[in-house]
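Enquirer: Input: one structure, supplied below.
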Amino acid sequence: MPLLRALSWENFKFAQLTDIHISSEATKLNLQQSIDQINADNSVDFILITGDLTDNGDNASLEWISKELAKLNKPYYVLPGNHETTWTESGLETFKRLFGDDRFSFEHKGVFFVGFNTGPFVRMAYGHVAPQDLSWMGQEIRTKAMGKKVIVVTHYPLMEGDVDNWYQATDSIRQYSPVCMIGGHYHQNLYHRYDGIPAVLTRSNLKDKTGKAGYSEFVVSQDSLLVYEHKIGESPCQWAGFSMTRQEFDPKAKADKYPDYSINRKYDHIQELWRKDSGISIYSSPAVDGKYAYIGNNEGTVTCYRLADGKEMWTTPLGGKIVGNPAVIGNNVVMGSTDHNIYALNKRTGCLSWKVATSEAQMGSVASAKGIAYIGGSDHKMRAINARTGEVIWTYNGVEGYVVTLPLLIAGKVIFGAWDNTVYALDQKTGQLEWRWTHRKGSMHYSAAGVWPVSDGKAVYVVDPERAMTAIDLKTGQELWRTKEWQGRASKVRESLGMSKDRKRLYAKTMQDSILCYEANPVKPVEVWGCNAGFGYEHATTMLPERDGIVYSSTKDGLVIAIEGKTGRLLWEHKVGNSFINTVVPVGKGAVLMTETSGEIALLQNKQ
C-alpha cells in the first residue's frame, strides 16, 4: 500500500553537489567556490552530496574533501559514487569514518529523504544495490516516513546498463510512492523515468563547456519540486520540475523489463544442485577444501557450507568486509578483512586460531605454499605469515599502492600488481624486491592490479585496463612483448586472465562477447582461438580457471560460461542471476561453485 501523505509542509530549498572528482588544484577550487556560494545563500537548508567526490577513491583525497565539506554552514548528507567504491583503498571504511555511513535517511519539513550506495565494489562491474541496503531502505521508510513525502537519492541511475539489479530496486522503491529520485554520474542534466519513477540526474561540479563549475538546487513547495542549475557567479536556471501532489506512476506496477533466462533452456543439462540466497552481498570467491566450502561476505561473516548439499556447518562473524578470497591452509581458513586484521579460523569449528593486526584494510586474496600464507593489503604491504601460528615471517613495505589481487607464487617468487601502475616480484623466502615492472601510463587507473598474474615458468603474463596483454620476463622483469590486437583488430582484453593446467595456453575475456586464447609464449603473442560466447559488453574483473580441460568464465550480469580449453568450442552457458559473479571455482568433473554480489551461492553441475 502507498504511504499516507502529509497534508501540508513548509516550503524549503536544498542544494546538490555531485561528481566533484577531486584530483587537482582546479577541481579543488571548483568545490571551494561552490561551498562559498552555498554558504552565502541563507535560503539553502541542507546539501545532498551524491557521489564521485574523488577521482581515485584514495584515502588522502577523502580526508581533504571531508575537511572542505566541514566548512559548509548547513547540514550535508553524503553518498559514495563508483570512484569511491571501485577504487576504494579501505573497503569504504575511510568513507564511513569520515561521513558516518555509505547511506542516509532523514526527515526535513515533512519530506523524507533516503539515500544508499549503488556500487560497484572493488572490482569493475555494473552498479549494484546490495540486498541488505534494499532491506534497510524499506525498513527506514516504513518506520519513519508515514505521512511524509519520500525522495530517493543515489549516485547511479537505476536503469538497465547502469545497475545490474535495477528491476529489484525499482520494484522495491515504487511501492513507497516517491515524489522522484535524484542522482548524478552522467555529468549532465537529464530527466529520466526508472521503470516509471520520475528521476533527475544532474550536472557535475566540474567546469562545463562554458567554463563554469556549478551544482544543483531544488525548491520544494506544497505543489511542486523545481530543479535548478546554479553555475558559480550566475543566477540559478530552472530546467525540470515534479508535482508534489499528483501521483505520476502506478505504485502497484512492476519493472518494464526483467532479465532473460532463456539461455538456460538451450543448455538444460546444466543443473543447480543447490542454491542459497544469503541476503548479504558477496565479493569474494569460495575457498574449497574437499567436502567443504568457505565463503566470506560484505558484513564480515564467514560461513562453512557442506559442498554436497549447501548445508551450513558453522558461521563466524568478524569485524569487517571479506573482499579477497580466503584460502584453506592446513587446519585453518585464512583471510583478510577491512577491519585491519588478517584472520585464521579453524576449518572444522570456525573458532579463531589467530589474527594479525595491521594498520589498514586487507582486501587481497590469500595465496599459499608450504604452510605459508601470502597476502597484500591497503597498508601498501605484502606479508608472508605462518598459517599455523600466525607468525609474520616477513613484510615487504615498498609497495606504493594498495593490493587487492591474488599473488602468483612461482620460481621462488611472489608476484603481484598494485594500484600504483606496478607489478612486483619479491623473493618468496625473504620478501626482498627482485624486480618491478611499471605500466608506461602514469594514471593509476591503468594498473594491472585487479588481474591475477599467471606464468609458464619463463614469463609472467598480465592484462590491464589499457586493454593490453603483456609478457614480462620472469627472471628480470623486462617487458618481452605487449599486444592490444587480435587478428589485426583491437582485442579489448581487460583485467580477466587464466592459464591452462599445462601452462601452454593463456585465456583472456574481452570487453565484447569473446574469450580469446593465446599461446603462453615469451617471444611473441601467438593467437590460438577465439570463442564468441555472446555475452555482450563486459568489463567485470573475473579470472578464467581451467579444470579437466574446461576453462570457465563469468560475467557482470550473472552468466557462467564453459569452453573447451584446447579448441575454443563453447560447451555451455548458464545464467544464475543478473549480478556480478565472482571468479568461479571448479570443484569436480563438470561442477563449478559460484558466488554472486547479490548474495547468491550455487553449485552447478553438467549432467551430460
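The values are calculated or read from the model by the stated rules, or taken from the named source; none is laboratory data. As the structure is a computational prediction, the values presented were derived from the model and not from experiment. Positions of Cβ are generated from backbone atoms using ideal geometry, with glycine treated the same way; all protein chains shown enter the neighbour counts. Accessible surface is based on the protein model in full, side chains and every heavy atom, while ligands, DNA and RNA are left aside. Shrake-Rupley method; radii C 1.70, N 1.55, O 1.52, S 1.80 Å.
Enquirer: Report the equivalent ellipsoid semi-axes for segment 383-443 in whole Å, largest first, defined as the square roots of five times the eigenvalues of the gyration tensor built from alpha carbon atoms.
Expert: Details: eigenvalues 100, 30, 18 Å².
Those come to 22, 12, 10 Å.
Enquirer: Using only alpha carbon positions, build the gyration tensor of the chain, then give the equivalent ellipsoid semi-axes as the square roots of 5 times its eigenvalues, largest first, whole angstrom. Walk me through the numbers on the way to the answer.
Expert: Numbers: eigenvalues 350, 144, 114 Å².
Square roots of five times the eigenvalues give 42, 27, 24 Å.
Enquirer: Output the antiparallel fraction of DSSP beta bridges having both residues in the chain, as a percent to the nearest 5. Kindly include the intermediate steps, with their values, before the conclusion.
Expert: Details: 137 of 158 bridges.
Within the chain, antiparallel bridges account for around 85 percent of the total.
Enquirer: In addition: Once R0 is set to 22 Å, what does the formula 1/(1 + (r/R0)^6) return for the Cβ-Cβ distance between Trp239 and Phe106, expressed as a FRET efficiency to the nearest 0.05? The partial results should precede the final answer.
Expert: Working: r = 26 Å, r/R0 = 1.17.
With a Förster radius of 22 Å, E is 0.30.
Enquirer: Ok, one more. Suppose every K and R has +1 on its Cβ and every D and E has -1 on its Cβ; what is the size of the dipole of the chain about the Cα centre, in Debye to the nearest 20?
Expert: Working: 67 positive and 67 negative charges, 271 e Å.
For the chain, the charge dipole is close to 1300 debye.
Enquirer: Given the C-alpha atoms of segment 148-200, compute the convex hull and give its volume per residue in Å³. Please report the intermediate quantities before stating the final value.
Expert: Numbers: hull volume 3.6 nm³, N = 53.
With only Cα atoms used, segment 148-200 gives 68 Å³ per residue.
Enquirer: What's the magnitude of the charge dipole for segment 1-155 around its Cα centre, counting Lys and Arg as +1 and Asp and Glu as -1 at the beta-carbon? Answer in Debye, nearest 20. Let's see the in-between values first.
Expert: Details: 15 positive and 19 negative charges, 148 e Å.
In debye, rounded to 20, segment 1-155 gives about 720.
Enquirer: Between Lys74 and Ala253, what is 0.36 nm times their sequence separation minus the Cα-Cα distance? Round to one decimal in nm.
Expert: Working: separation 179, 0.36 × 179 = 64.44 nm, distance 3.79 nm.
Additional length available on full extension: 60.7 nm.
Enquirer: Continuing with this model, one more query. Mind running the shape call on segment 61-149? Use the C-alpha gyration tensor, a ≥ b ≥ c as the square roots of the eigenvalues: rounded below 1.5 for a/c, prolate if a/b tops b/c, oblate otherwise. Could the numbers behind the result be given before it?
Expert: On the way: a/c = 2.78, a/b = 1.26, b/c = 2.21.
In terms of gyration-tensor shape, oblate.
Enquirer: Considering the options Leu544, Asn341, His439, tell which one lies farthest towards the positive end of the dipole of the chain, charges being +1 on Lys and Arg and -1 on Asp and Glu at the Cβ, about the Cα centre.
Expert: Leu544
Enquirer: Quick query: amide H of Lys347 versus all other amide H atoms, modeled in the peptide plane; which residues come in under 5 Å with a sequence gap of 5 or more or a different chain?
Expert: Amide H neighbours of Lys347: Asn332, Val333.
Enquirer: I would also like to ask the following. Each label point is 7 Å from the Cα along the Cα-to-Cβ direction; what then is the distance between the points at Glu564 and Lys291, in nm?
Expert: A separation of 3.6 nm, rounded to one decimal place.
Enquirer: Mind checking the log10 I(q)/I(0) for segment 1-122 at q = 0.16 Å⁻¹? Debye, one equal scatterer per Cα, no solvent, two decimals.
Expert: -0.78
Enquirer: Which lysines have a Cα less than 19 Å from the Cα of Lys509, not counting those fewer than 8 places away in the same chain?
Expert: Lys484, Lys492, Lys501, Lys556, Lys566, Lys575
Enquirer: Using the Kirkwood formula over every pair of different C-alpha atoms, what hydrodynamic radius in Å results for segment 319-378? Could you put the intermediate results ahead of the total?
Expert: On the way: mean 1/r = 0.0896 Å⁻¹.
One over the average 1/r among Cα pairs gives 11.2 Å for segment 319-378.
Enquirer: Related question: So, counting K/R as plus one and D/E as minus one, what does the shell of residues with Cβ under 14 Å around Ala459 add up to? Show your work: numbers first, answer last.
Expert: On the way: positive: Lys413, Lys458, Lys475, Arg482, Arg503, Lys504, Arg505, Lys524; negative: Asp456, Asp473, Glu479, Glu519.
Value of the local net charge: +4.
Enquirer: Rounded to whole Å and sorted largest first, what semi-axes of the equivalent ellipsoid does the C-alpha gyration tensor of segment 205-290 yield via the square root of 5 times each eigenvalue? Present the calculation step by step, with values, prior to reporting the outcome.
Expert: Numbers: eigenvalues 448, 108, 44 Å².
Output for segment 205-290: semi-axes of 47, 23, 15 Å.
Enquirer: What angle do you read, to the nearest 10 degrees and between 0 and 90, between the alpha-carbon axis of helix 25-39 and the longest principal axis of the chain?
Expert: Relative to the chain, helix 25-39 is tipped by roughly 30 degrees.
Enquirer: I want to verify the translational diffusion coefficient of segment 510-608 in µm²/s; compute it with Stokes-Einstein, Rh as the Kirkwood radius over Cα pairs, at 10 °C and 1.306 mPa s. Kindly include the intermediate steps, with their values, before the conclusion.
Expert: Details: Rh = 13.8 Å.
Roughly 115 µm²/s, to the nearest whole number.
Enquirer: Counting only GluC sites (Glu not before Pro) that are in a DSSP loop and have at most 12 other C-beta atoms within 10 Å, tell me the longest site-free stretch of the chain. Working shown, then result.
Expert: Details: sites that count: Glu10, Glu234, Glu391.
Value returned for the longest uninterrupted segment is 11-233.
Enquirer: Report, in deg cm²/dmol and to the nearest 500, the calculated mean residue ellipticity at 222 nm for the chain, where each DSSP H run with n ≥ 4 adds -39500 (n - 2.57) and the sum is divided by the residue count. Provide the component values of the computation, followed by the final result.
Expert: On the way: 7 runs with 65 residues, N = 608.
About -3000 deg cm²/dmol.
Enquirer: Work through the residues other than Val122 whose Cβ is under 13 Å from its Cβ and net out their charges, Lys, Arg +1 and Asp, Glu -1. Write down the numbers at each step before the final one.
Expert: Working: positive: Arg123, Lys321; negative: Glu84, Glu89, Glu93, Glu495.
Residues close to Val122 contribute a combined charge of -2.
Enquirer: Using DSSP to define loop residues, name the trypsin sites (Lys or Arg not before Pro) in segment 343-375 whose beta-carbon has at most 14 other beta-carbon atoms within 10 Å.
Expert: Details: sites: Lys347, Arg348, Lys355, Lys370; in loops: Lys347, Arg348, Lys370.
When the trypsin sites (Lys or Arg not before Pro) of segment 343-375 are filtered for loop state and at most 14 Cβ neighbours within 10 Å, Arg348, Lys370 remain.
Enquirer: What residues have an amide H closer than 5 Å to that of Tyr176, excluding those fewer than 5 places away on the same chain, when H is modeled at 1.01 Å from N in the peptide plane?
Expert: none
Enquirer: How far is it, in nm, from the label point at Ser24 to the one at Asn346 when both lie 7 Å from their Cα along the line to the Cβ?
Expert: Calculated label separation equals 5.8 nm.
Enquirer: At a 1.4 Å probe radius, carbon and sulfur cover how many percent of the accessible area of segment 78-199? Before the final figure, lay out each step's value.
Expert: Working: 1460 of 3250 Å².
Exposed carbon and sulfur together represent 45 percent of the surface.
Enquirer: Here is a further query. Show me, for segment 135-145, the HN-Hα J-couplings you get by feeding each phi into the Karplus relation (A = 6.51, B = -1.76, C = 1.60, θ = phi - 60°), rounded to Hz, glycine and proline as x.
Expert: Values per residue, Gly and Pro as x: 5, 4, 4, x, 5, 4, 5, 5, 8, 10, 10 Hz.
Enquirer: Now a separate question. Distance from the Cα centre of segment 101-125 to that of segment 399-459, in angstrom?
Expert: First find each Cα centre; the distance between them is then 35 Å.
Enquirer: Taking K and R as +1 and D and E as -1, what net charge do the other residues with C-beta under 13 Å from the C-beta of His269 add up to? Mind showing how you got there, number by number?
Expert: Numbers: positive: Arg265, Lys266, Lys607; negative: Asp268, Glu272, Glu573.
Net of charged neighbours comes to 0.
Enquirer: Just the accessible area per residue of the chain, please: how many Å² with a 1.4 Å probe?
Expert: Details: 22260 Å² over 608 residues.
About 37 Å² of surface per residue is accessible.
Enquirer: In whole percent, and with a 1.4 Å probe on the protein chains, what portion of the accessible area of segment 328-435 is carbon and sulfur? All intermediate terms of the calculation are to be shown ahead of the outcome.
Expert: Values: 1710 of 3690 Å².
The nonpolar share, carbon plus sulfur, comes to 46 percent.
Enquirer: Would you mind telling me the share, in percent, of accessible area of segment 485-554 contributed by carbon and sulfur at probe 1.4 angstrom? Mind dumping the intermediate values first?
Expert: Working: 1180 of 2760 Å².
Result for segment 485-554: 43 percent of the exposed heavy-atom area is carbon or sulfur.
Enquirer: Would you mind computing the Rg to Rh ratio of segment 196-245 from its alpha-carbon coordinates, Kirkwood style for Rh? Present the calculation step by step, with values, prior to reporting the outcome.
Expert: Numbers: Rg = 12.2 Å, Rh = 11.8 Å.
On the Cα set of segment 196-245, Rg over Rh gives 1.04.
Enquirer: What does the C-alpha gyration tensor say about the overall shape of segment 392-485? Classify as rounded when a/c is under 1.5, otherwise prolate if a/b is larger than b/c, or oblate.
Expert: Because a/c hits 1.5 or more and a/b fails to exceed b/c, segment 392-485 counts as oblate.
Enquirer: Quick query: amide H of His539 versus all other amide H atoms, modeled in the peptide plane; which residues come in under 5 Å with a sequence gap of 5 or more or a different chain?
Expert: Excluding prolines and chain starts, which carry no amide H, the hits are Lys556.
Enquirer: Rounded, prolate or oblate: pick one for segment 436-567, where a ≥ b ≥ c are the square roots of the eigenvalues of its C-alpha gyration tensor, a/c under 1.5 means rounded, and failing that, prolate if a/b is larger than b/c, else oblate.
Expert: Details: a/c = 1.65, a/b = 1.24, b/c = 1.34.
Oblate.
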